[in-house]
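Participant: There's a structure below that I have some questions on.
FYI, it's all coordinate maths here, none of it is from the lab. From a predicted model like this one, the values you see are computed outputs, not experimental measurements. Glycine also receives a Cβ, built like all others from the backbone with ideal geometry; neighbour counts cover every protein chain displayed.
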């Protein structure tokens, strides 16, 4: 742990504030270095250029903007074909051209896994107005959210059909990888499409009525509508809840990556889904919902290792999954007896909390 504190009691210290500023700047410099210093895949494989395609949506709305699925496809190098394939589902607010998803897809492609990044409804080129994507998945009505999740799941199935038909893709080895909102959709897709036999879901969860009633999602909705959704009003969300389809997921394989300090997808929502899925492999980060993006490479490695283990016929207990770690940065005040509160920045180098 690293603390930087204010000056003596009752007297502001210019020196201590300068130290605080320097440490803040040092921390911001260290964050990207975590990704730079992390092992990266060999760059010997030259990837074919990414392809931009569009497909018809599985759930027609009558709106031509929503009814086209945008996909960015990264095929595996020719020497590694026929390759398994996965659909990458971005977090809320990101689309098929998101830089993090591009890096993820390129990593997996170099590991011999073809990747199709999907643009979810109301994102990117599928935005129907000035409203943010979260307006449909979180801040709108329950019917809006149910419709958005349902179309998203159907669109993943449509992209799966397209991916299975691509030259150089092994249609018997297909999977799905999702982050945040994408992880929830990934769980739903695995529960409804038997072709998706392996998956990795980072920062997702289940029991959506509870999540939309008690998490920061509930606060976000309340800020827009000045009222909190009731349990009865949220009941229709069961139709698009990963818990509803958990029994169908059990024959298949999924790695869960969760954040123990998550306020958007609270840990108890992740645990509920984990238990319903038969307690598959799970890794806990001592971090919040957003820390994974600061150092995503370990998650890339864990994803590739788990998917290949499944496709090679190994039981979960025999798959060596690299440990996923994310930086924990805390900014706030430290209250010392007799001194009073003083500003502090803490950088946690060691994980102290592996489970919620």
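Participant: Express in nm, to one decimal, how much length is gained between residue 128 and residue 247 on full extension, taking 0.36 nm for each residue of separation and deducting their alpha carbon distance. Please report the intermediate quantities before stating the final value.
Facilitator: Working: separation 119, 0.36 × 119 = 42.84 nm, distance 3.50 nm.
39.3 nm is the gain from fully extending residue 128 to residue 247.
Participant: In what order do 237, 190 fall by count of nearby beta-carbon atoms within 10 Å, going from fewest to most?
Facilitator: The order, fewest Cβ neighbours first, is 237, 190.
Participant: How many angstrom separate the Cα center of segment 63-117 from the Cα center of segment 178-215?
Facilitator: For segment 63-117 versus segment 178-215, the Cα centre distance is 18 Å.
Participant: Does segment 113-234 come out rounded, prolate or oblate by the C-alpha gyration tensor, with a ≥ b ≥ c the root eigenvalues, rounded set by a/c under 1.5 and, if not, prolate when a/b is larger than b/c and oblate if not?
Facilitator: Because a/c hits 1.5 or more and a/b exceeds b/c, segment 113-234 counts as prolate.
Participant: Still on this structure: Over segment 50-326, what portion of Cα pair distances is larger than 25 Å, expressed as a whole percent? Let's see the in-between values first.
Facilitator: Values: 15465 of 38226 pairs.
Distances greater than 25 Å cover 40 percent of the Cα pairs.
Participant: Pop a pseudo-label 7 angstrom from the Cα along the beta-carbon direction at both residue 99 and residue 164 and give the gap in nm to one decimal.
Facilitator: 3.6
Participant: With a 10 Å Cβ neighbour count serving as the proxy for reagent exposure, in which order, fewest first, do 132, 188 appear? Could you put the intermediate results ahead of the total?
Facilitator: Numbers: 132 15, 188 28.
Neighbour counts put them in this order, fewest first: 132, 188.
Participant: Treat each spin label as a single point 7 Å out from the Cα along the C-beta direction, and report the residue 232 to residue 320 distance in nm.
Facilitator: 5.7
Participant: Which ordering of 60, 102 is given by a fewest-first count of other beta-carbon atoms within 10 Å?
Facilitator: Ranked by crowding around the Cβ, least crowded first: 60, 102.
Participant: What is the extension gain from residue 144 to residue 47, computed as 0.36 nm multiplied by their sequence separation minus the C-alpha to C-alpha distance, in nm to one decimal?
Facilitator: 31.0 nm
Participant: Label-point separation (nm) for residue 268 and residue 63, each offset 7 Å from Cα along Cα-to-Cβ?
Facilitator: Spacing of the two 7 Å Cα→Cβ label points: 3.4 nm.
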